[in-house]
Structure formats: structure tokens, C-alpha cells
Amino acid sequence: MRLTGNAHRFSPDDDINTDYIISGRYKFRIDDMNELAKHVMEDIDPVFSKKVCKGDFIVAGRNFGCGSSREQAPRALKAAGVSAVLAKSFARIFYRSSFNIGLPLIECDTDSIRAGDRLTVDLDAGLVTNSVTGESIQTKSIPRTMQVLLEDGGLIEHLKKHGDFALE
Amino acid sequence: MGQTIAEKVLAAHSGSDCAAGDIVVASVDFCMAQDGTSTMMIRELENLGFEHPKTALGMGLVLDHNAPCPSVEVARVHLRIRGFADKNRIPLYETGCGVCHQVVPESGKVLPGSLVVGADSHTCTYGALNACSTGLGSADVAAAAYAGKLWFKVPETYSIIAEGQLPDRVGAKDLMLKVIGRLTADGATYKSVEFTGASVASMGMDGRFTIANMAVEMGAKFCPFSFDEKTSSWLSERGFSAGAPVSSDPDAHFEKRFDFDAADVVPQVARPHSVDNVCDASSLRGTKVQQAFLGTCTNGRLSDLEAAARLMRGRTVNRGVRFIVAPASRTVLLDAMASGVAAQLVKAGAVFVAPGCGPCVGTHAGVPSDGENVISTANRNFKGRMGNNRDVGIFLGSPETIAASAITGEITDPREV
Ligand code: SF4
């Protein structure tokens, strides 16, 4: 799978928590992901939802998605059009939930990527190409379990398809 | 090679001889969701054609984050959760029962050696009871509820040893803030963390719940404590069985070991806007606070209310401070009423709100204004966490530090009042 889009960055870019991705004040009230998507990243970039285009990437530092278990976080990102998140590392619950709902997460060195850079992510080759700087970045390979979930369209679809966990 | 608690619990629940790094499918003993995460879980369960649990898996739904309900929109969410619980005969913990992480162990749903998942990140709290429990997203919990089992990666384990004894007016919260300050907010990501040492051995169960609760603030997956007489009496006093206690083998492999001297710990505060931004409370003297909050799944238990009340004795809340107390459960509230602790706090000027999450997650019951500072016993101080207020500074501390600060109106080391 190849994804192409523009990079969005935030400051500071380490420890971006799920409260920042979608605030608690919305997640309880709003059930519709397209509505929630209008408030995504609002607390650290109030105009993000207006800037983001379908296919774009969020690019961050360490520990992306830490904090609350709210699955609204990856779902709202996906609904906002984000096609993948690139970060140096991810928090555990967010990591599982993203693949469960079909949002790929890419672990790689993100230091050289600037806001606005045009990126192509090749999930199979494990490669990010930056068409602005011409640079290629090797990514960590996505664990087999997560690949299976992505291919099946998420955890629930996986269960429906196999009637059980069929992860190996 | 010996095994850690996490390895043993996952091995017992998957019927395999697993070790750290393996992927296993393990049977789950109990799962829960709260009012902010239930609806998505319910949608997935309906999508799967779930009806009354086909498995022996225990389930509970808790209305705690937004209860009593603050708006029409949330009322609809609560109605939907009630309807689903009724239809499927799933125990529902109604408005006022308390925070899920207090209510679930109080109802005997978590026993030593069990494997528990919950659609709330602080599900790791039950590690205090020698269980492996962890927070997950709604789809994962739906899958566990549906299948009675779930896939897990067997985690590596860190050993944290805190020898010595915590000084007077220094508690489990201070120790945990110290640990998180050193390990940082992602320092134990994906790991199981086992706390041992003299300070932990002599610590009451409430303190262990506080520590296990905050394990996720450094990224941890599980935080199982050893089983001892304290665990055993906590369970037997409530009429629960001792389950199947698990301990790590002497030759178990710990990926890393961290040593702390509890006697050296002084009151700690996490400054805005991250939990690992920790310093000594005494260094923040002069920082004014407009709200003090005692409660949450971290520090809303009886001993927390007692510690605050001891400090407030003969004193009153500063005129410039709203001091809000949310007992972690109805049982905690009743105990605090019976012992006189609740009356003492109210007389000193505290405002009691319903047992539950209270203002912790910024939806109701004490939302601060921009430009204000809050000192809180919660576990998170992210920007905007307590409402639509990116300019609120949330400081985290122990019940004693919160009470001392409520008295003086500024962040105060409780040993100085
Ligand atoms: S008290 Fe706070 S941290 Fe605990 S479950 Fe409720 S909202 Fe979450």
C-alpha cells in the first residue's frame, strides 16, 4: 500500500496525548466521527481541521497517543482524512486501537520532516520518501499481527471474517 | 528460566508456556467500559451480533465520567448504555456508584492472578490486587467481551524497588511522582512494572492502588503487586476469595531495575502540562491556586480523604480557593460519613460532589477558568484536561499537598503547615 499526502507537525511534538487529539469535552457529547473530526488537534493547533486534506500525515516525535484510552482519537484522525501517523514511538493503547480501526502507524526517525513536506509512504517496502527534500527514510516494519488487522479492515472485521483470532 | 507475574498470568490464561515477546490469545476474566467509551464498544458488539454473553466472561458498565449527567447529549449516551445493559443483563453501575476503578475492585470483580481489560486507560489500577489488568480501546474490549479472550503481546517487566520507609506526610503519590519524574512519561511503555521493597510491603492497599493507577502515566501495560497479608485481608474483609495469587520467580528476567530510597522522598508536584514535569512541592511556594481537587481513581479513597482531613483539622479553606472533593465511590463516601471525615472536610469549607470522576476530565462539577491554577490529586495535567481552558495550569500532588495548598491558597509542602 502506498499513501501520499502532506506532513503536519505540532509543537512540542513529543507526548502528544489523546486529550490533544480529541478533547474530553467533545468526545462525550459528539457521537458522529465527522463532527468530532472538526475538533481534532484543536487544543494544540486550533486551525488544524481546516488545514488537513484527505491523505495527509501527522508527523510527531516520541510517545504519540499517550494518555486516555479513548478510541475516538484514532477514529477522529481517520475521519479528518489523516491516512497515517508517523512518529518516533507510540503509546501502547493508541497503537493497538489505531490498527484495530484501520489507521496505520509508522515508526521512523521523523526529525528531518518539516511541516508541509510532501511524503509518500510505502507500507510494504517500509520506506518514506520526501519529495521536497528528496530524502528517503527507512521505517520499522509493521508487526505481522498489525498487518493482518489492517488487511482485514480492523479488529472487528477480522473477528467477523474468521469467527476467532487468526493472527499468525 | 523463571517467570515474572505478567508471564505467569498470560501463560495461565493462554494455556501456553509463554515468555516476554510472544503473542498469545488469552482468556479474559472480566472487562469493563465507562460512559465515555461504552457507546463505541456497544456499536462494535452490535456489529458482531453480540447478545447476552455467550462466555463466562464477567462484564460491567460504569456511569462515572459524566454523572450526574450534565447535558442533553450525554443524557442520550447514558440512556443508550442503560438500554444495552438492561437488554443483555450486564451489571450497570449507575450515577453515584463511583469511579470505575474503585467500583470494580470493590465489587469483587478482580481477584489475584486474574486477567482484566477495560476501556479506560487507568484499568492498570487493579494491579494492586496482584492482577494483570490493562486499558484498551473500545474495539479491543468489544472483541474481548464477544470472544471471551483477546490477543496480547507478553510484556517485558521492569523491577522498581523502593526500600526504606516514606516519611510522615509523604505518601504513595509522592513516591509514584518521583518514579515517573525519573522514568518519564514514556519510560515504561509496553512494560509490566513490579514494585517491591520495604516501603511497598508496609504500604496499605489504598497506596498500592494509587501507584498501580499511575503506571500508565509512564506508558506501562500492567503493574501487578505481590500478594501478601495486606492483599489477603483487603479481600477477606469484603468477603472475596483470594483468587490464584501469583509471584515472580527469584530467577525471573527483569529487563531493567530501578532503585529508590523511600526515606529520601519529599512531597512532589507535577507541573503543567505533563506528569513527568516533577519537582519538590516546596519549590513552588508562592504559586497561587484558585481550585484544589481531592478525588479521582488515583486519590479518592478513604485514606486519602482521611489524610486531607487530618491536615485540615482546626483550619479552613483559604477564601480564594474552591476545594472540591469527589469520593471515589459511594462506599468511600459512606465510610467518610461514618468516621466523621466528611463532616470535618465540609466544615473546613470543602464542596462534596457526587462519587465519580468529578472535574478530573473537564466535563462538569468544577471546570476552572482560563488563567487559573488548580492543584489536584488526579493523574493527568494535560493542557485543557479540565475543560475548554488551555490557559489553566494543573498541578498534581498528594492529598496532603492538596489540603495544605487549599489552606494557604498557594502550592504548599504539607510539612510546612
Ligand atoms: S477519575 Fe479521572 S482518570 Fe480516573 S477514570 Fe475518571 S476521568 Fe479517568
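Nothing in this text is a laboratory measurement; each read-out follows from the coordinates by a stated rule. Please read these numbers as outputs of a predicted model, since none were measured by experiment. Cβ atoms come from the backbone with ideal geometry, glycine included; neighbour counts cover every protein chain shown.
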Test result for B:ILE211, part of a strand (DSSP E or B) and of a type in the set (Val, Ile, Thr): no
Helices (runs of 4 or more DSSP H) enclosed by region A:78-168 - at least 3 residues per element that are under 17 Å from the mean Cα position of the chain (by Cα) and among the hydrophobic types (A, V, I, L, M, F, W, C): A:92-101, A:144-151
Leading residue by the ranking (nearest to the ligand (Cβ to nearest atom)) among those in region B:360-392 that are polar (S, T, N, Q) and facing chain A (nearest Cβ under 7 Å): B:THR363
Test: residue in region B:5-12 that is over 25 Å from B:PHE240 (Cβ atoms) and within 14 Å of chain A (Cβ to nearest Cβ): no
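Would you mind finding the one in B:ASP22, B:ASP64, B:ASP35, B:ASP86 that is more than 14 Å from chain A (Cβ to nearest Cβ) and of a type in the set (D, E, K, R)? Give the steps one after another, and end with the answer.
On the way: B:ASP22 fails: more than 14 Å from chain A (Cβ to nearest Cβ); B:ASP64 fails: more than 14 Å from chain A (Cβ to nearest Cβ); B:ASP35 fails: more than 14 Å from chain A (Cβ to nearest Cβ).
Step by step, each of B:ASP22, B:ASP64, B:ASP35, B:ASP86 is checked, and only B:ASP86 is more than 14 Å from chain A (Cβ to nearest Cβ) and of a type in the set (D, E, K, R).
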Helices (runs of 4 or more DSSP H) fully within region A:1-60 counting 3 or more residues that are buried (at least 21 other Cβ atoms within 10 Å of the Cβ): A:18-21, A:24-27
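Is there a residue being without any contact (Cβ under 8 Å) to a residue 12 or more places away in the chain and either buried (at least 20 other Cβ atoms within 10 Å of the Cβ) or of a type in the set (Val, Ile, Thr) (or both) anywhere in region A:76-86?
Within region A:76-86, none of the residues are without any contact (Cβ under 8 Å) to a residue 12 or more places away in the chain and either buried (at least 20 other Cβ atoms within 10 Å of the Cβ) or of a type in the set (Val, Ile, Thr) (or both).
Go through region A:123-145 and give me each residue that's surrounded by 15 or more Cβ atoms within 10 Å (Cβ to Cβ) and not polar (S, T, N, Q).
A:LEU123, A:GLY126, A:LEU127, A:VAL128, A:ILE137, A:ILE142
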Matching option when the condition is closer than 18 Å to A:ILE16 by Cβ and within 10 Å of chain B (Cβ to nearest Cβ), among A:ILE93, A:ILE106, A:ILE113, A:ILE156: A:ILE93
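Among the residues of region B:143-168, count how many are over 16 Å from B:VAL25 (Cβ atoms) and either aliphatic (A, V, I, L, M) or surrounded by 22 or more Cβ atoms within 10 Å (Cβ to Cβ) (or both). Even if it seems obvious, please write down each step before you answer.
So the first thing to find is which residues in region B:143-168 are over 16 Å from B:VAL25 (Cβ atoms), and the list is B:156-168.
Adding the requirement that they be either aliphatic (A, V, I, L, M) or surrounded by 22 or more Cβ atoms within 10 Å (Cβ to Cβ) (or both) leaves B:157-158, B:160-162, B:166.
Selection size over region B:143-168: 6.
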Top-ranked residue in region A:29-69 [being charged (D, E, K, R) and facing chain B (nearest Cβ under 10 Å); ranked as farthest from B:SER38 (Cα to Cα)]: A:ARG62
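Does region A:1-28 hold any residues that are facing chain B (nearest Cβ under 9 Å) and touching a strand residue (DSSP E or B) at 6+ places or on another chain (Cβ under 9 Å), and which are they?
Restricting attention to region A:1-28, the residues satisfying the condition of being facing chain B (nearest Cβ under 9 Å) are A:14-15, A:17-20, A:23-25, A:27-28.
Residues satisfying the conditions are A:ASP14, A:ASP15, A:ASN17, A:THR18.
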B:GLY127 vs. criteria within 14 Å of the ligand (Cβ to nearest atom) and in contact (Cβ under 8 Å) with a residue 40 or more places away in the chain: no
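Checking the conditions here, which among B:ALA19, B:ALA26 is more than 27 Å from the chain's Cα centre (by Cα) and not polar (S, T, N, Q)? Talk me through it step by step, then tell me what you get.
On the way: B:ALA26 fails: more than 27 Å from the chain's Cα centre (by Cα).
One residue alone meets the criteria, B:ALA19.
Within region B:349-359, identify whether any single residue is within 16 Å of the ligand (Cβ to nearest atom), part of a helix (DSSP H, G or I), under 30 Å from A:CYS66 (Cβ atoms) and not polar (S, T, N, Q), and answer yes or no. Explain how you work it out, then say what you get.
Quick first cut of region B:349-359, residues within 16 Å of the ligand (Cβ to nearest atom) only: B:352-359.
The next check asks that each one be part of a helix (DSSP H, G or I); those that pass are B:358-359.
After this cut, where a residue has to be under 30 Å from A:CYS66 (Cβ atoms) as well, the list is B:358-359.
When the remaining residues are screened for being not polar (S, T, N, Q), the result is B:358-359.
Yes, there is a match, as at least one residue in region B:349-359 is within 16 Å of the ligand (Cβ to nearest atom), part of a helix (DSSP H, G or I), under 30 Å from A:CYS66 (Cβ atoms) and not polar (S, T, N, Q).
In region B:10-44, how many residues are touching a strand residue (DSSP E or B) at 6+ places or on another chain (Cβ under 6 Å) and either without any contact (Cβ under 8 Å) to a residue 12 or more places away in the chain or away from the ligand (no atom under 16 Å from the Cβ) (or both)?
13
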B:THR316 being within 16 Å of the ligand (Cβ to nearest atom) and touching a Gly at 6+ places or on another chain (Cβ under 8 Å): no
Filtered residues of region B:266-310 (kept if away from the ligand (no atom under 16 Å from the Cβ), part of a loop (DSSP other than H, G, I, E, B) and surrounded by fewer than 24 Cβ atoms within 10 Å (Cβ to Cβ)): B:VAL266, B:ARG271, B:PRO272, B:ASP276, B:ASN277, B:ARG285, B:GLY286, B:THR287, B:GLN290
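Would you point out the residue of region B:202-224, among those that are touching a Ser or Thr at 6+ places or on another chain (Cβ under 8 Å) and closer than 17 Å to B:GLN165 by Cα, that is surrounded by the fewest Cβ atoms within 10 Å (Cβ to Cβ)?
Going residue by residue through region B:202-224, those that are touching a Ser or Thr at 6+ places or on another chain (Cβ under 8 Å) are B:204-207, B:209-210, B:212-214, B:216, B:218-224.
Retained after the next criterion (residues that are closer than 17 Å to B:GLN165 by Cα): B:204-207, B:210.
Values: B:GLY204: 15, B:MET205: 19, B:ASP206: 21, B:GLY207: 24, B:THR210: 31.
Among them, the one singled out is B:GLY204.
Based on what the data block shows, is B:GLU46 assigned to a helix (DSSP H, G or I), more than 9 Å from chain A (Cβ to nearest Cβ) and either under 24 Å from the mean Cα position of the chain (by Cα) or not polar (S, T, N, Q) (or both)? So that I can check it myself, show each step before the final result.
On the way: assigned to a helix (DSSP H, G or I): yes; more than 9 Å from chain A (Cβ to nearest Cβ): yes; either under 24 Å from the mean Cα position of the chain (by Cα) or not polar (S, T, N, Q) (or both): yes.
Criteria met by B:GLU46.
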